[in-house]
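This report refers to the structure that appears directly beneath it.
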Amino acid sequence: MAKFTVIFKDRTIQSAIFDQKTVHIGSDTSNDIIIDSLAIAPAHAAVCFNEEETIIKQLNDDFPISINNNASKECKLNNNDEILIGKHKIIYNTNESIVNPAPSEDANNFASEQHLPEANLQIMEGKHIGRLIPLKKSMTRIGHSGNGVVVIAKRTDGYYISSLESNESLTINDKLLKDESIKLNANDMVVIDETPMQFFLG
């Protein structure tokens with residue numbers, strides 16, 4: 001078994017334990033660890049396990065990885081190594097460090113996501129008025145570069161919005177969304193890329 005904890009802006013956004021020979025990391029939904037970001041390739045990296053060692057491999061030359069701040073296309077992983085891909089950090093923990101682990105917030109975060117009520121953003125104005133944007137992924141990226149970009153993350157206790165690219169028109173309930181993470185409540189009004197949207201559950 002191996003545990004991977006994904007961190008963005010110093011906050012844990014998902015954590016999971018795998019018991020398989022290969023763990024795939026990327027933005028495509030076919031991956032084992034899905035990170036929804038333009039800085040992440042659809043197939044970004046693969047972690048391969050054998051009896052003697054664990055190896056991480058870069059899968060796309062245009063999307064690098066670094067291990068403990070050292071760029072590498074292929075590298076042996078050790079317990080507590082930090083994998084950096086895009087703006088996301090992934091902490092790798094070996095089998096020995098997670099045998100019979102005590103329950104923790106990080107360990108439960110990924111599983112607890114599955115019990116959250118479904119959530120959507122509904123576009124309130126413009127040519128796409130009424131359209132729903134489902135928030136089913138661990139992270140959903142919304143917006144366009146230059147006009148403001150946000151990510152909405154599913155966590156243990158709800159849905160949180162934070163800015164990846166700030167813009168004066170990026171607001172929540174008429175307040176500027178700065179470099180912070182804010183929990184969304186039902187009926188919150190969010191303006192992204194100059195488009196007003198309403199957050200609701202169910």
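Tabulated data for the structure shown
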{"item": "Cleavage-rule hits (trypsin sites (Lys or Arg not before Pro)) in segment 137-202: DSSP loop, at most 13 neighbouring Cβ within 10 angstrom", "result": "K178"}
{"item": "The chain - convex hull of the alpha-carbon atoms, volume per residue in Å³", "result": "125 Å³"}
{"item": "Estimated [θ] at 222 nm from DSSP helical runs (n ≥ 4, -39500 (n - 2.57)) normalised by residues in the chain, nearest 500", "result": "-1500 deg cm²/dmol"}
{"item": "Sulfur and carbon atoms: percent of accessible area, segment 2-70 [1.4 Å]", "result": "43 percent"}
{"item": "Between segment 65-81 and segment 17-62, the alpha-carbon center distance in angstrom", "result": "13 Å"}
{"item": "Cβ-based net charge around G148, under 9 Å, with every Lys or Arg adding one and every Asp or Glu removing one", "result": "-4"}
{"item": "Rg over Rh, two decimals, segment 1-69 (C-alpha only, Kirkwood Rh)", "result": "0.94"}
{"item": "Relative contact order (%) - the chain, alpha-carbon pairs under 8 angstrom, separation at least six", "result": "16 percent"}
{"item": "Total formal charge among the other residues, if their Cβ is under 14 angstrom from that of E52, Lys/Arg +1 and Asp/Glu -1", "result": "0"}
{"item": "Where the chain is the region considered: accessible area per residue in Å², 1.4 Å probe", "result": "54 Å²"}
{"item": "Value of D in µm² per second that Stokes-Einstein yields for segment 43-82, Kirkwood Rh from Cα pairs, at 10 °C (1.306 mPa s)", "result": "152 µm²/s"}
{"item": "Added length on full extension, which subtracts the Cα-Cα distance from 0.36 nm per residue, D179 to E52", "result": "41.4 nm"}
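The values are calculated or read from the model by the stated rules, or taken from the named source; none is laboratory data. These figures come from a predicted structure and were not determined experimentally. Neighbour counts run over all protein chains shown; Cβ positions are idealised from the backbone, glycine included. Heads up: the accessible areas ignore ligands, DNA and RNA and are worked out on the full protein's heavy atoms, side chains in. Shrake-Rupley method; radii C 1.70, N 1.55, O 1.52, S 1.80 Å.
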